[in-house]
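What follows is a short report on a single structure.
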Amino acid sequence: MYRTYRILTRYSGAILSFILHKRCKAGKEIPERILEKKGNSDRPRPSGTLLWIHAASVGESQSALILVSQLTALAPHINILVTTGTLTSSQLMESRLPKNAFHQFFPLDHPKWVEKFISHWQPNAVIWMESELWPNMLNEIRINNIPAILVNAHMSDKSFSSWKKMKPLAKFTLSTFSKILCQTETDKTYFDQLGAKETIVTDNLKYSADTLDFNQGDLDSLSLSIKGRPIWLYASTHKGEESLACDIHKTLKDHFPDLLTIIVPRHPERREEITELCRLYDVKIAFRGANKILPNKNDDIYIVDTLGELGLFYSLTSIACIGRSFSDDGGGGHNPIEAAQLNCAILHGPNVQNLQDIFDDMDTDKAALCIRDSKHLCDTLSILLNSDNETAILQSTALEYSNKKTHIIEYIMSEIISTLENKDSSGILTTKPGSA
């Protein structure tokens, strides 16, 4: 089955090039770096040990940053290459990676492009994050005998159903990984059934993430501009959720005339689309933008179309609804731990399958509230905006929950070290230059 996949992708170059061209025109790619998507790079490989970490998008990138920090502290002599596939994740990496780490775009899964990528970078070992599996790239890693481990592995029901229909290809692809560290028992079962070599459950790496940082001066400026207005935050929204926020705002404004609704889109490049949508609701909107424009007293909706400021707005508000839990694309949810760490009362919609175990656990502990629909969200926000005590109880429970599993990184790191320090990888983390 892999042979068929390889033949099909071998002749996909023209189609993939056309798709990349269209994405450039739509502002979804960086034209100057588009060749990276074809396995090329004008950056030379650094001398010495190179560890490659692949994280598909923003969510995986946040988890990857935890490992980058830990690995840098453990082995400051190594170089770390981090690849991602999206514009937003690349911007996150460019702003957060330490000096010994650098970012490149992940090449599309064309056989020649992945061969060029591996030939150029020649990584000593690979850490693959979460769930994105590309057969040609993983085959290239395998035939070059590069040690690889899949960390924080997750597989949705939908993905499992798809891979199950192609089990020989799944088994072949997963054979690249000498070990798979799974988020949950369900994930372990799915990977086992698809033929993975060795799987263990380590829980979710997101529990060990550092608290999102923010600029205290920006927080002071925002607090002053809001001047005690009732506020709520809709964080990491996707298509369909901005209209929900506007509907809720219009309803709640009858009871809270000076209400401010803050929306942080997951993808800031959707600014024009969101602008057109908000105009339909006859609400006054303000965009934060690169100049950090502050909301004024007449603004209804404040759109945060910037990157890297989610920590600032979690710190500003007491109430946060987690995005992609009501979205038009079927949802999946985003990481609620970040909001919990910054003392927010957390609400979320019913579609949180990407992080189901975390949300279920939080709901059980009353560290978050699962909201059924728009009316339920409106009613819940009304109660919380009216009751500082109810809000404070939710905030306290969420913060306490976020501190329960911070130790998970220690377990995951021990598994990574034991895998990468085996005889096949020649002590990548402990062998310093000149000591071989």
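I'd like the residue in the range 264-322 that is outside any loop (DSSP other than H, G, I, E, B) and charged (D, E, K, R) and, out of all such residues, is nearest to residue 384 (Cα to Cα). Reasoning before the result, please.
Residues of the range 264-322 that are outside any loop (DSSP other than H, G, I, E, B), as a first pass: 264-265, 268-279, 285-287, 301-303, 310-316, 319-322.
Narrowing further to those that are charged (D, E, K, R): 269-273, 276, 279.
Numbers: 269: 31, 270: 30, 271: 29, 272: 31, 273: 30, 276: 30, 279: 27 Å.
Residue satisfying both the conditions and the ranking: 279.
Among the residues of the range 25-54 satisfying the criterion of being part of a loop (DSSP other than H, G, I, E, B) and among the hydrophobic types (A, V, I, L, M, F, W, C), which is surrounded by the most Cβ atoms within 10 Å (Cβ to Cβ)? Lay out the reasoning, then the answer.
First pass over the range 25-54, keeping only residues part of a loop (DSSP other than H, G, I, E, B): 26-30, 39-49.
Within this subset, residues satisfying the condition of being among the hydrophobic types (A, V, I, L, M, F, W, C) are 26, 30.
Working: 26: 9, 30: 14.
Across the range 25-54, the extreme among qualifying residues is 30.
Considering every residue within the range 331-345, establish whether at least one is under 24 Å from residue 250 (Cβ atoms), out of contact with any Asp or Glu (no Cβ under 7 Å at 6 or more places or on another chain) and in a strand (DSSP E or B). Write out each step before concluding.
Of the range 331-345, the ones under 24 Å from residue 250 (Cβ atoms) are 331, 344-345.
From what is left, the residues that are out of contact with any Asp or Glu (no Cβ under 7 Å at 6 or more places or on another chain) are 331, 344-345.
Then drop every residue that is not in a strand (DSSP E or B), which leaves 345.
Within the range 331-345, one or more residues are under 24 Å from residue 250 (Cβ atoms), out of contact with any Asp or Glu (no Cβ under 7 Å at 6 or more places or on another chain) and in a strand (DSSP E or B).
Any idea which residue in the range 58-84 is surrounded by the fewest Cβ atoms within 10 Å (Cβ to Cβ), counting only those that are farther than 15 Å from residue 210 by Cβ and free of Cβ contacts under 8 Å to residues at least 40 places away in the same chain?
Step one: list which residues in the range 58-84 are farther than 15 Å from residue 210 by Cβ, which gives 58-60, 74-84.
Remaining after also requiring free of Cβ contacts under 8 Å to residues at least 40 places away in the same chain: 76, 79-80, 82-84.
On the way: 76: 11, 79: 18, 80: 24, 82: 26, 83: 25, 84: 25.
Here the residue is 76.
Which one is surrounded by the most Cβ atoms within 10 Å (Cβ to Cβ), of the residues in the range 327-357 that are closer than 20 Å to residue 373 by Cβ and β-branched (Val, Ile, Thr)?
So the residue we want is 346.
Would you pick out the residues in the range 48-63 that are modelled with pLDDT under 95 and at negative phi? Even if it seems obvious, please write down each step before you answer.
Just the residues of the range 48-63 that are modelled with pLDDT under 95, to begin with: 48-49, 56-63.
Matches in the range 48-63: 49, 56, 57, 58, 59, 60, 61, 62, 63.
Has the range 13-24 got at least one residue that is farther than 20 Å from residue 141 by Cα and in a loop (DSSP other than H, G, I, E, B)?
Here is the first cut: in the range 13-24, the ones farther than 20 Å from residue 141 by Cα are 13-24.
Then keep just the ones that are in a loop (DSSP other than H, G, I, E, B); that gives none.
Scanning the range 13-24 turns up no residue that is farther than 20 Å from residue 141 by Cα and in a loop (DSSP other than H, G, I, E, B).
Given the conditions (1) part of a helix (DSSP H, G or I); (2) out of contact with any helix residue (DSSP H, G or I) (no Cβ under 8 Å at 6 or more places or on another chain); (3) farther than 14 Å from residue 83 by Cβ, report the number of the one that residue 6 does not fulfil.
Failed condition: (2).
Answer yes if at least one residue in the range 14-36 is within 29 Å of residue 204 (Cα to Cα), assigned by TED's automatic domain parsing to the domain that holds residue 102 and touching a Phe, Trp or Tyr at 6+ places or on another chain (Cβ under 6 Å), and no otherwise.
Here is the first cut: in the range 14-36, the residues within 29 Å of residue 204 (Cα to Cα) are none.
No: the range 14-36 contains no residue that is within 29 Å of residue 204 (Cα to Cα), assigned by TED's automatic domain parsing to the domain that holds residue 102 and touching a Phe, Trp or Tyr at 6+ places or on another chain (Cβ under 6 Å).
Exactly one of (1) touching a residue at least 12 places away in the same chain (Cβ under 8 Å); (2) over 12 Å from residue 401 (Cα atoms); (3) not β-branched (Val, Ile, Thr) is unmet by residue 367. Its number?
Of (1) touching a residue at least 12 places away in the same chain (Cβ under 8 Å); (2) over 12 Å from residue 401 (Cα atoms); (3) not β-branched (Val, Ile, Thr), only one is false for residue 367: (2).
Residue by residue, here is whether (1) touching a Gly at 6+ places or on another chain (Cβ under 6 Å); (2) loosely packed, with under 15 Cβ neighbours inside 10 Å; (3) hydrophobic (A, V, I, L, M, F, W, C); (4) at pLDDT 95 or above holds:
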site: 364; (1), (2), (3), (4): no, yes, no, yes
site: 384; (1), (2), (3), (4): no, no, yes, yes
site: 397; (1), (2), (3), (4): no, no, no, yes
site: 401; (1), (2), (3), (4): no, no, no, yes
site: 406; (1), (2), (3), (4): no, yes, no, no
site: 414; (1), (2), (3), (4): no, yes, no, no
site: 430; (1), (2), (3), (4): no, yes, no, no
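Taking the stated definitions as given, is residue 23 under 23 Å from the mean Cα position of the chain (by Cα) and among the basic types (Lys, Arg)? Give the steps one after another, and end with the answer.
Working: under 23 Å from the mean Cα position of the chain (by Cα): yes; among the basic types (Lys, Arg): yes.
Yes; evaluated as a whole, the condition is true for this residue.
Looking for something in contact (Cβ under 8 Å) with a residue 24 or more places away in the chain, buried (at least 19 other Cβ atoms within 10 Å of the Cβ) and part of a strand (DSSP E or B) - is there at least one such residue anywhere in the range 236-254?
Looking through the range 236-254, at least one residue is in contact (Cβ under 8 Å) with a residue 24 or more places away in the chain, buried (at least 19 other Cβ atoms within 10 Å of the Cβ) and part of a strand (DSSP E or B).
Might you let me know whether the range 318-326 holds any residue that is at pLDDT 95 or above, of a type outside the set (Lys, Arg) and surrounded by fewer than 23 Cβ atoms within 10 Å (Cβ to Cβ)?
Within the range 318-326, one or more residues are at pLDDT 95 or above, of a type outside the set (Lys, Arg) and surrounded by fewer than 23 Cβ atoms within 10 Å (Cβ to Cβ).
Considering only residues that are more than 23 Å from residue 71 (Cβ to Cβ) and among the aromatic types (Phe, Trp, Tyr), which ones fall in the range 86-132?
113
Looking at 217, 228, 195 in this structure, which one is surrounded by fewer than 20 Cβ atoms within 10 Å (Cβ to Cβ), in a loop (DSSP other than H, G, I, E, B) and at pLDDT 95 or above?
Details: 217 fails: in a loop (DSSP other than H, G, I, E, B); 228 fails: at pLDDT 95 or above.
Going through 217, 228, 195 in turn, just one is surrounded by fewer than 20 Cβ atoms within 10 Å (Cβ to Cβ), in a loop (DSSP other than H, G, I, E, B) and at pLDDT 95 or above: 195.
Do any helices (runs of 4 or more DSSP H) lying entirely in the range 58-155 carry at least 2 residues that are under 23 Å from the mean Cα position of the chain (by Cα), and which ones are they? So that I can check it myself, show each step before the final result.
Working: elements: 58-74, 87-96, 111-121, 135-143.
Fully inside the range 58-155 and qualifying: 58-74, 87-96, 135-143.
Taking the range 156-186 as the region of interest, how many residues are hydroxyl-bearing (Ser, Thr, Tyr) and in a helix (DSSP H, G or I)?
The initial filter retains those residues of the range 156-186 that are hydroxyl-bearing (Ser, Thr, Tyr), namely 156, 159, 161-162, 173, 175-176, 178, 184, 186.
Then keep just the ones that are in a helix (DSSP H, G or I); that gives 159, 161-162, 173, 186.
Residues that pass the stated criteria total 5.
Would you point out the residue of the range 256-282, among those that are touching a Lys or Arg at 6+ places or on another chain (Cβ under 7 Å) and either among the polar types (S, T, N, Q) or at pLDDT 95 or above (or both), that is surrounded by the fewest Cβ atoms within 10 Å (Cβ to Cβ)?
By that ranking, first place goes to 258.
For the range 73-99, which residues satisfy the criterion of being at pLDDT 95 or above and among the polar types (S, T, N, Q)?
Listed by number, the residues that qualify are 79, 83, 84.
I'd like the full set of residues that are of a type in the set (S, T, N, Q), touching a Ser or Thr at 6+ places or on another chain (Cβ under 8 Å) and under 23 Å from residue 114 (Cα atoms), limited to the range 46-101. Step through it out loud before you land on a result.
Here is the first cut: in the range 46-101, the residues of a type in the set (S, T, N, Q) are 47, 49, 57, 61-63, 69-70, 72, 79, 83-84, 86, 88-91, 95, 100.
Right, trim to touching a Ser or Thr at 6+ places or on another chain (Cβ under 8 Å) and you get 49, 57, 61, 79, 84, 86, 88-90, 100.
Result: 49, 57, 61, 79, 84, 86, 88, 89, 90.
The values are calculated or read from the model by the stated rules, or taken from the named source; none is laboratory data. All values derive from a computational prediction rather than experimental measurement. For neighbour counting, all protein chains shown are included, and Cβ atoms are generated from backbone atoms with ideal geometry for every residue, glycine included.
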